[in-house]
Amino acid sequence: MVKLALLKVLTTATLDEWSVPVYDGSTYEVGDTVEIIPVSVEDSEDNIYYASVEVLFNGTLVTGTENAFSPNEAGDYTIRYTVLFNGKPYVKETVVSVQEKSAPVPDEWSVPAYENLVEIGEPVTLVPLTVKDSDGNDHQAVITVTKDGSVVSQENDSFRPDAEGEYKITYTVNNDSKFVTVTAAERVLNQWTAPALGNATVGEEFLIQTHTV
């Protein structure tokens, strides 16, 4: 009698197609927490495999937790996902772009008011200015004074115009600048006339009147 052996054909499962998540790099800044998006993959027999994750910056492994990392430099960070299937690693990567931390935006502000006309040689007091930003922090404005493009020296929070012309007082807060101008001129006396004394005779006393201009 001939015995026929029935051979069971063993089928090997295959890994389903999979892809890495898309991160919105425009939203990340230095110091932010980047949440790692987990990835799981199934095979043709409905087995589930969870990807391990590594984060690299310029080829160097970035320290973080299983679920997140915090970039301390601006640039591109590679998030590498690895799925181990049948003893073989399947690797895919995505890139997260991290920007420099942006400065808080100053609230709306304006420069202080000054007298339009100032006198040559007399000190002009510079009015200090503090501006709050969108985070509620105070920023002291930096004040510069220029004339015809040249910086005018300051002393004791004031400057002394030494020539006729327009002086530009610029206030700067976080790269946002605004200015006001003053014009320096020589002191000019108002129009005036001597007081009338009337007629006097020899030997008669009379009062000399003073006159302020």
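Does the range 147-159 contain at least one residue that is out of contact with any Ser or Thr (no Cβ under 8 Å at 6 or more places or on another chain), outside any strand (DSSP E or B) and of a type in the set (Lys, Arg)? No; the residues of the range 147-159 include none that is out of contact with any Ser or Thr (no Cβ under 8 Å at 6 or more places or on another chain), outside any strand (DSSP E or B) and of a type in the set (Lys, Arg).
Looking only at residues of the range 99-142 that are within 30 Å of GLY75 (Cβ to Cβ) and hydroxyl-bearing (Ser, Thr, Tyr), we find that the one that is surrounded by the most Cβ atoms within 10 Å (Cβ to Cβ) is SER134. Any residue at all in the range 87-106 that is modelled with pLDDT of 90 or more, among the basic types (Lys, Arg) and more than 30 Å from GLY136 (Cα to Cα)? Scanning the range 87-106 turns up at least one residue that is modelled with pLDDT of 90 or more, among the basic types (Lys, Arg) and more than 30 Å from GLY136 (Cα to Cα).
For the range 143-156, the condition of being in contact with an Asp or Glu (Cβ under 7 Å, 6 or more places away or on another chain), over 30 Å from TYR23 (Cα atoms) and exposed (fewer than 13 other Cβ atoms within 10 Å of the Cβ) holds for none of the residues.
In this entry, LYS88 is excluded by the filter for residues that are crowded, with 16+ Cβ neighbours inside 10 Å and without any contact (Cβ under 8 Å) to a residue 24 or more places away in the chain. The set of residues from the range 16-65 being of a type outside the set (D, E, K, R), surrounded by 14 or more Cβ atoms within 10 Å (Cβ to Cβ) and farther than 20 Å from VAL91 by Cβ comprises GLY25, TYR28, VAL30. Close Cβ contacts (under 8 Å, 6 or more residues apart or on different chains) running from residues in the range 108-133 that are within 15 Å of SER177 (Cα to Cα) to residues that are assigned to a loop (DSSP other than H, G, I, E, B) and among the β-branched types (Val, Ile, Thr) comprise PRO112/VAL127; LEU129/VAL111; ASP133/VAL105.
The values are calculated or read from the model by the stated rules, or taken from the named source; none is laboratory data. Here the structure is a predicted model, which is why all the values come from computation and not from measurement. With ideal geometry, Cβ positions are generated from the backbone for all residues, glycine too; neighbour counts draw on all protein chains shown.
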